[in-house]
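The values are calculated or read from the model by the stated rules, or taken from the named source; none is laboratory data. Please read these numbers as outputs of a predicted model, since none were measured by experiment. Ideal geometry is used to build each Cβ from the backbone, glycine not excepted, and the neighbour counts take in all protein chains shown. Ligands, DNA and RNA are stripped out before the accessible areas are found, and what is left, the full protein with its side chains, is counted by its heavy atoms. Shrake-Rupley method; radii C 1.70, N 1.55, O 1.52, S 1.80 Å.
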Amino acid sequence: LLLLLFITQICVAQKDSLQLGDKYSEDHIYASISYAQLLNQPTGITRSGFSYSLSFGFLKDFTLNKKGNVAIALGLGYGYDFFNHQLKVQETNGNTIFASGLDLESNKFSAHNLEIPIEFRWRTSTAKKYDFWRIYPGIKFLYNFSNNFNYIDNSVLFSFDDVTSYRKLQYGLTLSAGYDVFNFNVYYSLTPLFENVTLNGEEINSSVIKFGLIFYIL
């Protein structure tokens, strides 16, 4: 919390000292909340129930022109994913076993990720204009450092941590667009969640799409 407050004060100091025409950067603390769905599920498995994603971090802005409306941003953050789904996942002696979970009373998984977002930025800001339109396409890399799959079957809870076939390194395309603090955000995964796994002979290529709001705070 103290670190975030310190960064905010630096950004505010930059805004107060800038004059029109000065070179500037739009460094941001970001936070997002998204509705999430699973795509490319195996035959007979629906996408997912109500699921969501949260993330926050810091983005460093590098302007590419004198006007300051075109830039590249590099960030570092934390992301949390929570899914209600219908794919039964078990871990036995380091081997991941998949089955249909349609009849389970509850079936969930969560993931904690290190995020590295990279954005190409176009905006209508100036050195003295802080409320502006923006379109930020980009790519986001995720490194999973913890995951948990759990389900309830016949009133018995089964839980598995750090499933071995869960893909550690993932990445996807992102797009943020909007005005001022409130912006629409989309993430489309380009990598499956699992590596080299099948269900009834069919390769499991489950991937993620997220859409919601992202907030950029100077």
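Computed quantities for the displayed model
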item: Sequence of ILE214, ILE135 when ordered by accessible area, the most exposed leading, probe 1.4 angstrom; result: ILE135, ILE214
item: Dimensionless Rg/Rh of segment 152-218 - Kirkwood Rh, Rg from C-alpha atoms; result: 1.15
item: The chain: angle of helix 2-17 to the longest principal axis, Cα-based, in degrees nearest 10; result: 30
item: Charged-residue dipole, Cβ positions (Lys, Arg, Asp, Glu), the chain about Cα centre, Debye nearest 20; result: 980
item: Portion, in percent, of the accessible area of the chain that falls on carbon or sulfur, probe 1.4 Å; result: 62
item: Sorted largest first, extent of the chain alpha carbons per principal axis (Å); result: 66, 33, 26
